[in-house]
Amino acid sequence: MKTFVLDTNVLLHDPDSIFSFKDNKVVIPMIVIEELDTFKKLNDERGRSARLVTRSFDELRMIGKLSDGVKLKSGGIVKIEMSGNTIDLPKDFSGQKFDNQILSIALALKQKGERVILITKDVNLRIKSEILDIPTQDYEKSKVKIDELYSGWRELKVSSSKIDQFYKEGKVAVKGDFFPNECIALKDDAGSSKSALTKYSKKANALTPIFHQNAVPWGLKPLNIEQKFAVELLLCNEINLVTLLGLPGAGKTLLALACGLQKTVEERFFRKLYIARPIIPMGRDIGFLPGTKEEKLGAWMGAINDNLEFLMDRGHPDGKTEEKIDYLFGSGQIEVDSLTYIRGRSLPQQYIIIDDAQNLTPHEVKTIISRAGHNTKIVLTGDPYQIDNPYLDASSNGLTYLVERFKGQEIFGHITFSKSERSSLAALSSELL
């Protein structure tokens with residue numbers, strides 16, 4: 001049996017983490033309980049996670065004494081280790097720091113002969129743990145292999161006759177394993193200019209035409225194959241969940257907004273376009289913002305407003321851009337909000353866009369998806385290499401986790417963008433910096 005010592009950030013990242021170690025022993029230092037007590041008063045996702053974990057401990061307390069260890073149905077044990085059961089660390093480690101108290105307990109357990117592994121999402125704590133020769137790991141349960149992440153589309157070389165058959169019959173069967181709604185660009189293996197844009201239909205078990213190949217949602221014309229495939233997924237009524245990943249300037253947010261406006265304002269298929277993003281600053285936070293909720297959100301929704309202005313000006317630059325945007329907000333056709341306020345809501349018949357979703361944990365993404373009501377479509381956009389959350393990375397954030405878990409579902413579609421269309425400077429910065 002191994003002994004896993006859990007840091008506070010692991011419990012906040014996944015409130016069910018104490019049950020994720022099968023038949024092994026899970027140790028929660030008492031100082032972690034103290035930290036959870038400070039977090040549980042918050043009204044954000046961290047506060048909710050802290051309260052969920054606390055309730056789990058309360059339920060375990062009814063089974064047995066946590067300080068002695070409570071046996072789980074999986075055969076494992078959960079134990080709260082008292083701060084008195086520690087060992088002195090080298091003088092370079094300040095004993096007053098929470099992290100060092102966790103290290104002290106882990107070291108004491110190791111010296112008792114237990115096979116200790118410290119689980120933490122804090123990189124510095126993992127470094128300290130290695131210095132003390134305590135085995136340490138990141139929390140791996142919700143991690144994905146980012147280099148092997150499902151891209152949502154690919155090119156496929158086929159014979160010229162296969163492409164001819166596709167155009168003649170409206171579908172074609174080809175060898176290979178495909179996911180539902182995976183987009184396929186057929187290319188002639190002989191090198192001719194023959195090609196076709198297709199999408200795999202699980203129902204037909206064949207490649208079928210993309211229905212919105214020539215669509216220009218809200219006057220926006222797709223500039224490359226990736227954008228054409230994205231528009232197909234964003235406009236299809238049968239696809240309820242879409243994820244768009246890729247480098248800055250690829251058009252993720254702009255395409256999502258254009259298609260959202262098309263389906264909501266133009267076609268009126270959805271009742272409202274609901275746009276939200278996590279409130280996480282890049283770099284040093286400027287602190288408290290005065291004003292109403294709408295005025296506070298204005299500082300965080302700059303990217304959304306920029307894209308809305310671009311779409312409103314496109315084709316009709318009449319100087320009334322702000323007036324048009326104000327009308328859409330005033331009539332209730334568009335709502336912009338912080339993800340802080342999405343909890344507890346049920347959102348039926350809405351086109352929901354979650355921007356910068358790479359800053360969300362898997363648990364937060366689950367919370368968002370569970371808000372979807374009847375006939376609601378959710379689109380999540382983000383770049384897994386631009387994360388501002390200190391405890392997430394490209395492999396552990398909620399956006400990439402969602403892609404990995406939902407691939408293969410018939411209501412899901414995904415596109416990974418590899419080309420920037422913002423400007424040559426933006427494209428070069430993504431390549432060189």
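Add +1 for every Lys or Arg and -1 for every Asp or Glu among the other residues with Cβ under 14 Å from the Cβ of residue 109, and state the total. Write out the running numbers ahead of the final one.
On the way: positive: 2, 25, 79, 110, 112, 115; negative: 81, 114, 133.
Taking every other residue near residue 109 into account, the sum is +3.
Amide H contacts for residue 274 (H built 1.01 Å from N in the peptide plane; partners 5 or more residues away or on another chain; cut-off under 5 Å): 335, 351, 352, 353.
In order along region 399-408, the phi-based Karplus estimate (6.51 cos²θ - 1.76 cosθ + 1.60, θ = phi - 60°) of 3J(HN,Hα) comes to 5, 5, 4, 5, 4, 5, 7, 9, 4, x Hz; Gly and Pro are listed as x. As a test of the formula, what do you get for the chain when each DSSP H run with n ≥ 4 contributes -39,500 (n - 2.57) and the sum is divided by the residue count, at 222 nm and rounded to the nearest 500 deg cm²/dmol? Counting only the DSSP helices, I get -10000 deg cm²/dmol.
For the chain, the relative contact order is 16 percent, taking Cα pairs closer than 8 Å that sit 6 or more residues apart in sequence and dividing their mean separation by the residue count.
To put it simply, the accessible area of region 1-147 at a 1.4 Å probe is 49 percent carbon and sulfur. Considering only 24, 111, 137, and ranking their Cα positions along the charge dipole of the chain that arises from unit charges at the beta-carbon of Lys, Arg, Asp and Glu, the one farthest toward the positive end is 24. Taking amide H positions as modeled 1.01 Å from N, with prolines and chain starts lacking one, the residues under 5 Å from residue 115 and 5 or more places away or on another chain are 3.
Accessible-area rank, largest first, for 239, 146: 146, 239, with all protein chains present and a 1.4 angstrom probe. Pair-distance distribution P(r) for region 321-433, from all Cα-Cα distances in 10 Å bins starting at 0: 11, 36, 33, 19, 1 percent. Inter-part distance, region 358-433 to region 1-33, computed on C-alpha centroids, equals 27 Å. For region 171-177, putting each phi into the Karplus relation 6.51 cos²θ - 1.76 cosθ + 1.60 with θ = phi - 60° gives couplings of 6, 7, 9, 10, 6, x, 9 Hz, in residue order, rounded to whole numbers and with x for Gly and Pro.
Quick check for me: using +1 on Lys/Arg Cβ and -1 on Asp/Glu Cβ, what's the dipole size of region 1-87 about its Cα centre, in debye to the nearest 20?
Numbers: 14 positive and 13 negative charges, 59 e Å.
It comes to approximately 280 debye.
Normalised by the number of residues in region 15-155, the mean separation of alpha-carbon contacts (under 8 Å, six or more apart) gives a relative contact order of 19 percent.
For region 140-270, what does the alpha-carbon gyration tensor say about shape, rounded, prolate or oblate, given a ≥ b ≥ c as the root eigenvalues, a/c under 1.5 as rounded, and a/b over b/c as prolate?
Working: a/c = 1.71, a/b = 1.27, b/c = 1.35.
Here region 140-270 falls in the oblate category.
Considering the values (i) 29.3; (ii) 25.9; (iii) 32.2, which represents mean projected area of the Cα convex hull in nm² as calculated for the structure under consideration? It is the value labelled (ii). As a rough guide to protection, the peptides 383-392, 171-180 ranked by mean Cβ packing within 10 Å, highest first, stand as 383-392, 171-180.
Here the chain is treated with +1 on each Lys and Arg Cβ and -1 on each Asp and Glu Cβ, and its dipole about the Cα centre works out to around 1300 debye.
Taking Cα centre as origin and charging only the Cβ of basic (Lys, Arg, +1) and acidic (Asp, Glu, -1) residues, the dipole magnitude of region 327-379 rounds to 240 debye. To the nearest ten degrees, helix 45-61 and the longest principal axis of the Cα atoms of the chain are 50 degrees apart. For residue 69, the residues whose amide H sits under 5 Å from its own are 80, ignoring neighbours fewer than 5 places away on the same chain, with H placed 1.01 Å from N.
The values are calculated or read from the model by the stated rules, or taken from the named source; none is laboratory data. In this text the structure is predicted, and so the values were computed from the model without any measurement. Don't worry about glycine lacking a Cβ; one is built from the backbone with ideal geometry, like all the others, and counts go over all protein chains shown. Quick note on the areas: whole protein, heavy atoms, side chains included, nothing else; ligands and nucleic acids left out. Shrake-Rupley method; radii C 1.70, N 1.55, O 1.52, S 1.80 Å.
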